[in-house]
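Data first, discussion second: the structure below is written as structure tokens.
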Number of protein chains: 2
Amino acid sequence: MQKKAIVNKLRSSGLRPTKQRVLIARNLFERDKTFHFTVETLNKEINKKGSDKVSLATVYNTVEAFTKAGHIKQILTSKSKSYFDTNIKSHHHFYDEDSKELTDINYNQVKLSKVPHPPKGKKIKNLEVVIRLQK
Amino acid sequence: MQKKAIVNKLRSSGLRPTKQRVLIARNLFERDKTFHFTVETLNKEINKKGSDKVSLATVYNTVEAFTKAGHIKQILTSKSKSYFDTNIKSHHHFYDEDSKELTDINYNQVKLSKVPHPPKGKKIKNLEVVIRLQK
DNA sequence: TTTATAGTTTAGAATTATTATAAACTAGAT
DNA sequence: ATCTAGTTTATAATAATTCTAAACTATAAA
Ligand SMILES: [Mn+2]
Ligand SMILES: [Mn+2]
Ligand SMILES: [Zn+2]
Ligand SMILES: [Zn+2]
């Protein structure tokens, strides 16, 4: 994804392409592979080396804005820190209880042959599987 | 579950049946139905009305001890607060994005016809499905 | 182009959830 | 009854996140 595309992505979701947002978006989306992150890891990544500094408040604001816009998504965990994913396609996760690491499971690696009906008046938005691993 | 059984449950997991632990355990397990809670809701429930007071620190300690002992389990959410479940059987959840409520899905309401192999040297400890609902 | 303004960034304070500390207390063994 | 490791508690500390309000800026309008 090139800078032009990044700017369009931001504009298309009603977000002004500010210096900070473009910097963060390039860091998140100009990669070969999707990945998982926390605000803490993203903030470190963004603010390392000689690059222009972005405040922690802005990292929080931007992550929230990108989540609301659907550019990233929040991941289910049982931890006190929020995890996010640049892979917004429907997919599943392994959670390694020993290393505490989350890794993607390809969507077609899991098949469901029976899914419950949603309660009246509600629709299924998505379905996520988490497989916990142990030694 | 009667008081005697509660005391045994605590003893069997190496926990002394103190006044506070028994009070909390009775509140959690002497019910017809399992339920979901946070430390905050449990603390309110335990410390309301004329009952003996239990400190918040003890509620945290006890929830941690009960989780380690396998009497309750922590639930996957994408929130900053930890949720717990008195239903320790393998089961799944609906998560209502509008009301932000978690409800149980019976285990046999979900069937998986394909599950990925765990990475080398790891075993599958359990598998949880979360179905997000929207209006 | 300037100008106006709504949107954005920021440092720092505030809040919230959780964990740590260390002194007082107690269950249960002897 | 005495002893002691385990437990409880008030309170402090830490960690994650949200709030605040002043300074700044992207961009639309003049
Ligand atoms: Mn915390
Ligand atoms: Mn928080
Ligand atoms: Zn993922
Ligand atoms: Zn449940």
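Read-outs throughout are calculated quantities, based only on the coordinates presented, and are distinct from any laboratory measurement. Owing to the predicted nature of the structure, the values given are computational and were not obtained by experimental measurement. Don't worry about glycine lacking a Cβ; one is built from the backbone with ideal geometry, like all the others, and counts go over all protein chains shown.
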- Of all DSSP beta bridges with both partners in chain A, the antiparallel percent, nearest 5, is 70
- Message: Compute the helix-to-body angle for A:19-29: its Cα long axis versus the longest principal axis of chain A, expressed 0 to 90° and rounded to tens.
- Response: 40
- Please identify every one of the GluC sites (Glu not before Pro) in the range B:55-135 that sits in a loop by DSSP and has no more than 15 other beta carbons within 10 Å of its own beta carbon. B:GLU97
- Message: Taking the alpha-carbon distance from A:LYS100 and a cut-off under 17 Å, which aspartates and glutamates remain once sequence neighbours fewer than 8 residues away in the same chain are dropped?
- Response: A:GLU40, A:ASP85, B:GLU128
- Task: Have a look at chain A and give its Rg and Dmax from the Cα atoms, expressed in angstrom.
- Result: 16.9, 55
- Item | Average beta carbon contacts from partner chains per residue of A:44-55, 10 Å cutoff | 0
- Mind giving me the FRET efficiency for B:LYS3 and B:ALA69? R0 is 22 Å, r the Cβ-Cβ distance, nearest 0.05 is fine. 0.75
- Just the number, please: Stokes-Einstein D of the protein assembly as shown in µm²/s, Kirkwood Rh from C-alpha pairs, 37 °C, 0.692 mPa s. 155
- Query: So for the range B:38-80, what are the equivalent ellipsoid semi-axes in whole Å, largest first, each being the square root of 5 times an eigenvalue of the Cα gyration tensor?
  - Reply: 21, 13, 8
- Amide H contacts under 5 Å for A:LEU133, placed H, 5+ residues apart: A:TYR95, A:ASP96, A:GLU97, B:LYS125
- Task: Please pull out the direction-averaged projected area of the range A:89-133, using the convex hull of its alpha-carbon atoms, in nm² to one decimal place.
- Result: 4.0
- Query: What are the distances, in nm and sorted shortest first, from the label point of A:LEU112 to the label points of the same position in each other copy, with each label point placed 7 Å from Cα along the Cα-to-Cβ direction?
  - Reply: 1.2
- Once the Cα atoms of helix A:56-69 and of chain A are each reduced to a long axis, what angle between those two axes, in degrees from 0 to 90 to the nearest 10, is obtained? 50
